[in-house]
Amino acid sequence: MLLFPITWHIFVVRFMIFDMPKPTNKKYKLGLALSGGGARGFAHIGVFKLLEECGLRPDIIAGTSAGALMGALYADGYSPEEITALFTGHEFSEFASMQLPKMGLFDSCKFHKYIRKTVRTKNLEDLQIPVIVMTTDLDRGKAHAFTKGDIPDIITASCSVPIMFNPVKINGTYYVDGGLFNNFPASVIRNECEAVIGSNVSPVVPEKYNKTIVGIAERSYHYLFRANTEKDREICDILIETDEFGKHKMFDLKNVELIVDIGYKAAIRAFDEFLMNKPIANLIKSYSSISSAKSISNSVTL
């Protein structure tokens with residue numbers, strides 16, 4: 001429950017701007033880290049929505065897989081509502097095709113073409129907000145962070161879960177999903193930012209899963225992703241996550257708006273908790289109590 005439904009966001013803005021450590025020589029004030037997680041990544045849209053309501057705009061975004069996709073679209077000037085509309089009403093088959101397994105079970109050419117058609121900016125370095133996209137260099141077995149280059153190629157690579165999708169060849173090197181080494185790239189921007197807000201949509205919860213090749217692969221990757229996110233979770237100033245994300249499958253395109261709403265509500269809870277851990281918390285509680293008392297008094301008078 002929010003402390004004050006109307007004016008609480010003003011306090012968030014003040015805290016983020018004034019109550020964080022004093023300005024240092026860091027390049028950016030506010031960084032936003034967005035995890036991978038397949039369709040759960042639509043929850044990041046809800047985070048964008050709350051940030052805008054709070055008057056906050058990230059100075060840099062780091063994203064992996066779905067987080068890279070959502071972050072790039074947002075940095076490309078799409079509003080949260082527009083990003084939601086881009087994926088609402090679509091099905092998985094519109095973005096991937098089953099193929100005779102060679103390098104992957106699915107061909108992601110449709111997804112690549114959709115990104116190519118959708119983005120307004122060709123190269124990563126030309127986006128309105130700097131974006132770092134995490135991938136895995138499959139040839140050398142290490143994480144690779146892209147800060148420039150062709151957006152559709154790089155985003156498709158970051159979203160290409162091994163075995164499930166074909167690797168993407170960029171400048172002679174094969175790349176796959178960045179979640180293998182860094183599914184939640186808060187650490188990638190931590191040293192450059194005074195404050196970092198992180199949205200982690202890949203919790204592993206004890207839900208039932210399909211005993212199929214795809215279901216087992218999905219479950220296995222989620223365990224892998226969880227294992228490499230612990231340190232990144234700890235270094236966020238505000239961490240947004242909830243077990244509710246775990247109720248949705250990797251390719252769940254039937255509940256885009258629901259997942260966006262879950263992300264929005266999770267962000268509200270995280271911001272509210274952030275406020276309560278601040279020294280001014282008692283003042284806020286007093287303000288809330290006084291406001292409630294006045295409201296009751298006015299009702300009685302009327």
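Suppose all protein chains stay in the model; what accessible area per residue would a 1.4 Å probe give for the range 155-200, in Å²? Write out the running numbers ahead of the final one.
Working: 1260 Å² over 46 residues.
With the other protein chains kept in place, the range 155-200 gives 27 Å² per residue.
What FRET efficiency do you get for residue 169 and residue 265 if R0 is 35 Å and r is their Cβ-Cβ distance, rounded to the nearest 0.05? Spell out each step's value before the answer.
Numbers: r = 40 Å, r/R0 = 1.14.
The formula returns an efficiency of 0.30 here.
Please list 35-43, 69-77 highest first by mean number of surrounding beta-carbon atoms within 10 Å per residue. Please list the in-between numbers first.
On the way: 35-43: 29.1, 69-77: 24.6.
Output ranking for 35-43, 69-77: 35-43, 69-77.
On full extension of the chain, what length is gained from residue 88 through residue 233, given 0.36 nm per residue of separation minus the C-alpha to C-alpha distance? Could the numbers behind the result be given before it?
Details: separation 145, 0.36 × 145 = 52.20 nm, distance 2.94 nm.
That works out to 49.3 nm of additional length.
Roughly how many nanometres apart are two label points built 7 Å out from the Cα toward the Cβ at residue 28 and residue 192?
0.6
Distance in nm between label sites at residue 147 and residue 110, each 7 Å beyond Cα in the beta-carbon direction?
Between residue 147 and residue 110, the label points sit 3.7 nm apart.
Multiply the residue separation of residue 52 and residue 128 by 0.36 nm, subtract the distance between their alpha-carbon atoms, and state the gained length in nm to one decimal.
Working: separation 76, 0.36 × 76 = 27.36 nm, distance 1.54 nm.
Extra length from residue 52 to residue 128 when fully extended: 25.8 nm.
The values are calculated or read from the model by the stated rules, or taken from the named source; none is laboratory data. Computed from a prediction, not measured in an experiment: that's the story for all the values here. We place every Cβ from the backbone using ideal geometry, glycine too, and count neighbours over all the protein chains shown. Surface areas here come from the heavy atoms of the whole protein model, side chains and all, with no ligands, DNA or RNA. Shrake-Rupley method; radii C 1.70, N 1.55, O 1.52, S 1.80 Å.
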